[in-house]
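**Student:** Structure provided below as structure tokens; questions to follow.
Laboratory data are not the source of any read-out in this text; all were calculated from the coordinates shown. Everything numeric here is computed off the predicted structure, so don't read it as measured data. Cβ coordinates were reconstructed from backbone atoms using ideal geometry, including for glycine residues, and neighbour counts include every protein chain displayed.
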Amino acid sequence: MTALVIFNKCPKMATDADRTIGSRIAALRAAQGLSQTALGNALGVSFQQVQKYEKGRNRVGVGRLQAIADVLKVPVETFFAGRPGSAGAEAATFLDDAKVMELVMAFTGIPDDATRDSVLSIVKAAVRLRPESDAA
């Protein structure tokens, strides 16, 4: 007889993974300037349901997660980066910061390489402008 491994005694209860995925949905949505209502309309659900997904109160099914990724124009893997055993674990904290996601989304919207290089130079220069006392 094979042993059955039980991961969650209450399979319908939200987990830490659900909350992490939800916070990434929220960060990406905010970075693109979408309201919960706009995302909900695109998905065919209420803004309250989007709130529940983002807070991790409700689990996001695979099909719905793919639809969210499509609306937000990101690969579905974005929601799993930084999970134990996944590639890009060090990038996880960046994915959870709405301002970083907003910057990334704006940057990827720049069509030509010369402008992208210029913007990157400006950001790097801004980092070097920090006073020494803040650098510690």
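**Student:** How far apart, in nm, are the 7 Å Cα→Cβ label points at A125 and E102?
**Tutor:** Going from the A125 label point to the E102 one covers 2.3 nm.
**Student:** Still on this model: Tell me, what HN-Hα J-couplings in whole Hz come from the Karplus equation 6.51 cos²θ - 1.76 cosθ + 1.60 at θ = phi - 60° for each residue of the stretch 24-34, using x for Gly and Pro?
**Tutor:** 6, 4, 4, 5, 5, 4, 5, 4, 8, x, 8
**Student:** State the extension gain, in nm to one decimal, for the chain segment bounded by Q48 and D70, taking 0.36 nm per residue of separation less the distance between their alpha-carbons.
**Tutor:** Here the answer is 5.9 nm.
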